[in-house]
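Values quoted throughout were computed directly from the atomic coordinates according to the rules given, and no laboratory measurement underlies them. Here the structure is a predicted model, which means the values were calculated and not measured. FYI the Cβ positions are ideal-geometry reconstructions off the backbone, even for glycines, and counts take in every protein chain you see.
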Amino acid sequence: MKQAFLRFISIFKRSKKSVCSICCQIYPDKQLTLVDEYAFCPQDLKLYNKLNWTAFLCVKSSPEEPENSVSIYKQQKKLITKNIPSFIKVDYQQNKNKIISTFTLFIPTNMIQKAFPAKFANK
Ligand SMILES: [Zn+2]
């Protein structure tokens, strides 16, 4: 699982550009800081350090079900349009011959309600 991650990083290294984990904008590598496996632009690095983060959504994806990961990235895009910062943690697990990826969406603890009001509406 580490290898998959390193391969992923090396692709970015060759291109000398990477994507900020929070705003998803592309920056030259020298403007990004790597913290806990994540790359952050200068502005979002401050956010990452300042805010408390809660794991809010978690999906598993396998080669047979890649669409699960697409949905979580769509959620992140939606949050960006609402000005709510978030980042996605990806873990890889090998299960027999299959690589299962777990995607976890983190959002600031104090913005959960703003991010997903429907989940807090009275039923
Ligand atoms: Zn950023």
* Tell me what the chain gives for mean residue ellipticity at 222 nm when only DSSP H runs of n ≥ 4 count, each as -39,500 (n - 2.57), the sum divided by the residue total, rounded to 500 deg cm²/dmol. => -10000 deg cm²/dmol
* Structure fact -> Answer in debye to the nearest 20: the dipole magnitude of the chain about its Cα centre, from +1 Lys/Arg and -1 Asp/Glu charges placed on Cβ, is 180
* Asked: Points 7 angstrom from Cα along the Cβ direction at Phe120 and Val90: gap in nanometres?
  -> 3.0
* Asked: What is the Cα centroid distance between the stretch 99-123 and the stretch 29-47, reported in whole angstrom?
  -> 22
* Based on the alpha-carbon gyration tensor of the chain and its eigenvalue square roots a ≥ b ≥ c, which shape applies: rounded if a/c is under 1.5, prolate if not and a/b is larger than b/c, or oblate? -> oblate
* Of the peptides 112-120, 22-30, how do they stack up when ordered by the mean number of other Cβ atoms within 10 Å, highest first? -> 22-30, 112-120
* Residues in the stretch 46-67, backbone N under 14 Å from the label point at Thr104 (7 Å along the Cα-to-beta-carbon vector): list them, ranges by number please. => 53-60
